[in-house]
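Colleague: Below are the C-alpha cells for one structure; questions will follow.
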Amino acid sequence: MSDAKFITVQEALKLGTGKVSLRGWVYRERGSAALKFVVLRDGTDIIQCVIKKDVVGDEKFKDADKLQVEASIELHGTLHEDKRAPTGYELRVDDFTVVGWSDQFPITKDQSAEFLLDKRHLWLRSRKMQAILKIRATLFSAFREYFDKEGFLEYHSPIFQATQAEGGSSLFSVKYFESVTYLAQTWQLYAEPAIFAYEKLYTIAPSFRAEKSQTSRHLTEYWHAEMEVAWATFMDIQDYGEGVIKHMVRRVLAEREAELKILGRDPEKLRPVLEKPFPRMTYTEALALLKEKFGMELDWGKDLRTIEEDKLSSLYDTPIIVTEYPTIVKAFYMKQVPGHPEVVQGCDFIAPEGYGEIIGGSARETDLEVLKEKLTEQGEDLAGYDYYFDTRRYGSVPHGGFGLGMERIVSWLCGLDSIKDAIPFPRTPARWTP
Ligand code: ATP
Ligand code: MG
C-alpha cells in the first residue's frame, strides 16, 4: 500500500466518512487481547483509530500490541462518526505499517517544568507546545503582512556588532578571532543608516540580552520584531505600534481558535484589543494614576518597574501606551521633547493581564551634539559610533521606530505562565541546553 495517498488528520475529520490513509505518531494507546485503540497525532490534529485482531490478522495484531506512545505509523481504513472519540470520529483500521518503533517515552503525566525543559526536544511534540508554536508562526506572518502592506521593506542588520545600543550591562561579548565584539541587542543602529535609502524598514531577528535576573518575562535570546521609518512623527510610531498589534491579534482570533482552546485561553479576553483604541498617557500622568488608584508613590525620574506596570495594566483590557519618560531612564538615541529636555519622545506599550512591556519605541534624536553628549556621559568611546553619527551629517530627517518582543506577545496572547514556553528552545541565565 506504499502508493497510498495520505491525508492529514484535519482533512480526515472534515471528511468524516470513506476510505483514507493517515500517518503520524501514537499519541495514546490502550488495548485488550483482540482490540487496540490508538489515538493518532499528526501536525494538524488527533484522531482515534481502532485496530481489530479479526480484521488485520494474528501476525499484524502482534505489532499493534507492541505499539508504544510516539511510535510512527501509517494506517489505512474507513472513517466513522463516533461521539465518544476525542475528536468525534474514528478510523476503523484495515491495515497498518509501523514506520518507526518507539522506546518507552520519557515524558508521562505530571512532570515538573524543569524536566520538561530538559526534554524540550521531545516536549515540542505535546499538544500544548504545538498550539503555542502555531500561534507564534501566525504572529510572525501577521507582523510581516502588516508592514508589507504598509509599503515597508524587510531588511537585515548584523548580529555581530561593535557597539552597544541598550546599555552596556546587558551586552554579550564574544571572542572574535583575536578581538572581541558583541551580540546584537537591537538592529536599530544599523537600521537607521538604511532609512536614508529605503525609508520604511522592518525586520524579525534574534536579539541578545545578558539579563542578570531570572524573570518570567526575560530571555537571553529572543526574537525582536523591529521597524524604522523616515519622516515619521512620534505619533506615527505609536500608530504603527497600535496598528500592528491589532493586526496580529486579529489574525490569531481568525485563524487560531482551536489552538487557543487547547491552551484554555478565552478569546473573548482578546476581543477588546480590536474594538478599542489603546489608552495613551504620559509617564507623569501614569505616576498620578498610580497614586490615585493604588496609593503608590513613585519618585519622578525612576523607571516604571514590573509592579507599577502590572498595576497600571490592571486598569485596562487593551495594551496602554506610556509616553514621555524621563530622559535619564531611556536610551541615548531617544529624542528630547522640544523645550523639555528632561523628557524624551519614547513610548512603551504595556500589555494587559500583567504581561509587561511588549513594545519599546521612540522618535530618534537628530541633534548630533546631544547624541555625543549622552554617549560621553555613559562613558562610551565616541570613535566606535562614527558610522552612526554620519546618519546625522548627511541629510538627516526626523525618524523613529520600535522593537516588539515576539515572545512577550506570544506569552500574552496564549496566556502563558512563563516566557520560556513562547519559544522552542529557551535560553535564560540558568538554561542554554538542549
Ligand atoms: P524590559 O524593561 O521589559 O526589560 P526593555 O526596556 O529592556 O524591556 P527594549 O530595549 O525597549 O526593552 O526592547 C524592545 C522590546 O523587546 C521590549 O518591549 C520587549 O518586548 C522585548 N524584550 C526586551 N528585553 C527582552 C528579553 N530579555 N526577553 C524577551 N523580550 C525582551
Ligand atoms: Mg530590559
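Colleague: If you go through segment 346-374 one residue at a time, how many are in a helix (DSSP H, G or I) and under 28 Å from TYR240 (Cα atoms)?
Modeller: Total satisfying the criteria: 4.
Colleague: When you look at TYR387, is it assigned to a helix (DSSP H, G or I), surrounded by fewer than 16 Cβ atoms within 10 Å (Cβ to Cβ) and modelled with pLDDT of 95 or more, yes or no? Please lay out each step first, then the result.
Modeller: Working: assigned to a helix (DSSP H, G or I): yes; surrounded by fewer than 16 Cβ atoms within 10 Å (Cβ to Cβ): yes; modelled with pLDDT of 95 or more: yes.
Against the criterion (assigned to a helix (DSSP H, G or I), surrounded by fewer than 16 Cβ atoms within 10 Å (Cβ to Cβ) and modelled with pLDDT of 95 or more), TYR387 qualifies.
Colleague: When both residues are 6+ apart or on different chains and their Cβ atoms are under 8 Å apart, which pairs have a first residue that lies in segment 208-222 and is closer than 16 Å to GLN161 by Cα, and a second that is within 11 Å of ligand 2 (Cβ to nearest atom) and of a type in the set (Phe, Trp, Tyr)?
Modeller: Matching pairs, first to second residue: ARG209/TYR222.
Colleague: List, please: which pairs have Cβ atoms under 9 Å, are six or more places apart or on different chains, and start with a residue in segment 394-410 that is within 14 Å of SER362 (Cα to Cα) and end with one that is within 13 Å of ligand 1 (Cβ to nearest atom) and among the polar types (S, T, N, Q)?
Modeller: That search, which allows pairs on different chains as well, returns GLY400/SER362; GLY401/GLN188; GLY401/SER362; PHE402/SER362; GLY403/THR186; GLY403/GLN188; GLY403/SER207.
Colleague: If the requirement is being loosely packed, with under 14 Cβ neighbours inside 10 Å and within 16 Å of ligand 2 (Cβ to nearest atom), which of these qualifies: LYS212, LYS149?
Modeller: Residue meeting the stated conditions: LYS212.
Colleague: Moving to a separate point now. Just one of (1) farther than 24 Å from MET334 by Cα; (2) more than 16 Å from ligand 1 (Cβ to nearest atom); (3) part of a helix (DSSP H, G or I) trips up GLN111, so point out which.
Modeller: (3)
Colleague: Scan segment 152-169 for residues that are within 16 Å of ligand 2 (Cβ to nearest atom), of a type outside the set (A, V, I, L, M, F, W, C) and touching a Ser or Thr at 6+ places or on another chain (Cβ under 9 Å) and report the count.
Modeller: Going through segment 152-169, the residues within 16 Å of ligand 2 (Cβ to nearest atom) turn out to be 164-169.
Narrowing the set further to residues that are of a type outside the set (A, V, I, L, M, F, W, C) leaves 164, 166-169.
Okay, now just the ones that are also touching a Ser or Thr at 6+ places or on another chain (Cβ under 9 Å), so 164, 166.
Within segment 152-169, residues that are within 16 Å of ligand 2 (Cβ to nearest atom), of a type outside the set (A, V, I, L, M, F, W, C) and touching a Ser or Thr at 6+ places or on another chain (Cβ under 9 Å) number 2.
Colleague: Return yes when PRO158 is away from ligand 1 (no atom under 16 Å from the Cβ), part of a helix (DSSP H, G or I) and surrounded by fewer than 18 Cβ atoms within 10 Å (Cβ to Cβ) and no when it is not.
Modeller: Values: away from ligand 1 (no atom under 16 Å from the Cβ): yes; part of a helix (DSSP H, G or I): no; surrounded by fewer than 18 Cβ atoms within 10 Å (Cβ to Cβ): yes.
Against the criterion (away from ligand 1 (no atom under 16 Å from the Cβ), part of a helix (DSSP H, G or I) and surrounded by fewer than 18 Cβ atoms within 10 Å (Cβ to Cβ)), PRO158 does not qualify.
Colleague: Hey, can you tell me all the residues within segment 161-188 that are among the hydrophobic types (A, V, I, L, M, F, W, C) and either more than 16 Å from ligand 1 (Cβ to nearest atom) or surrounded by fewer than 16 Cβ atoms within 10 Å (Cβ to Cβ) (or both)? Before you say what the answer is, go through the steps one by one.
Modeller: Residues of segment 161-188 that are among the hydrophobic types (A, V, I, L, M, F, W, C), as a first pass: 162, 165, 171-172, 174, 177, 180, 183-184, 187.
Those that are among the hydrophobic types (A, V, I, L, M, F, W, C) and either more than 16 Å from ligand 1 (Cβ to nearest atom) or surrounded by fewer than 16 Cβ atoms within 10 Å (Cβ to Cβ) (or both): ALA162, PHE172, VAL174, PHE177, VAL180.
Colleague: On to the next question. Could you tell me whether any residue of segment 99-106 is out of contact with any helix residue (DSSP H, G or I) (no Cβ under 9 Å at 6 or more places or on another chain), closer than 30 Å to VAL55 by Cα and aliphatic (A, V, I, L, M)?
Modeller: Taking every residue of segment 99-106 in turn, at least one turns out to be out of contact with any helix residue (DSSP H, G or I) (no Cβ under 9 Å at 6 or more places or on another chain), closer than 30 Å to VAL55 by Cα and aliphatic (A, V, I, L, M).
Colleague: Quick one: how many residues across segment 299-358 are crowded, with 16+ Cβ neighbours inside 10 Å, among the charged types (D, E, K, R), within 15 Å of ligand 1 (Cβ to nearest atom) and without any contact (Cβ under 8 Å) to a residue 24 or more places away in the chain?
Modeller: Within segment 299-358, residues that are crowded, with 16+ Cβ neighbours inside 10 Å, among the charged types (D, E, K, R), within 15 Å of ligand 1 (Cβ to nearest atom) and without any contact (Cβ under 8 Å) to a residue 24 or more places away in the chain number 1.
Colleague: Now for a separate question. Scan segment 276-309 for residues that are within 16 Å of ligand 2 (Cβ to nearest atom) and among the charged types (D, E, K, R) and jot them down.
Modeller: Keep residues of segment 276-309 that are within 16 Å of ligand 2 (Cβ to nearest atom), which gives 302-309.
Within segment 276-309, LYS302, ASP303, ARG305, GLU308, GLU309 qualify.
Colleague: Does LYS109 meet the test of being surrounded by 13 or more Cβ atoms within 10 Å (Cβ to Cβ), over 22 Å from GLN10 (Cα atoms) and of a type in the set (D, E, K, R)?
Modeller: Judged against the criteria, LYS109 is not a match.
Colleague: Right, next: Is at least one residue of segment 417-427 touching a Pro at 6+ places or on another chain (Cβ under 7 Å) and within 12 Å of ligand 1 (Cβ to nearest atom)?
Modeller: Yes: one or more hits.
Colleague: Now, a different point. Give the residues of segment 14-34 that are touching a Ser or Thr at 6+ places or on another chain (Cβ under 6 Å) and either at pLDDT below 95 or of a type in the set (A, V, I, L, M, F, W, C) (or both), sorted by residue number. Explain how you work it out, then say what you get.
Modeller: Of the residues in segment 14-34, the ones touching a Ser or Thr at 6+ places or on another chain (Cβ under 6 Å) are 19, 25.
Selection gives TRP25 alone.
Colleague: Whether any residue in segment 192-208 is within 16 Å of ligand 2 (Cβ to nearest atom) and of a type outside the set (S, T, N, Q) is what I want to check.
Modeller: Residues of segment 192-208 within 16 Å of ligand 2 (Cβ to nearest atom): 206-208.
Filter once more, keeping what is of a type outside the set (S, T, N, Q): 206, 208.
Taking every residue of segment 192-208 in turn, at least one turns out to be within 16 Å of ligand 2 (Cβ to nearest atom) and of a type outside the set (S, T, N, Q).
The values are calculated or read from the model by the stated rules, or taken from the named source; none is laboratory data. Owing to the predicted nature of the structure, the values given are computational and were not obtained by experimental measurement. All Cβ positions, glycine included, derive from the backbone under ideal geometry; neighbour counts span all protein chains shown.
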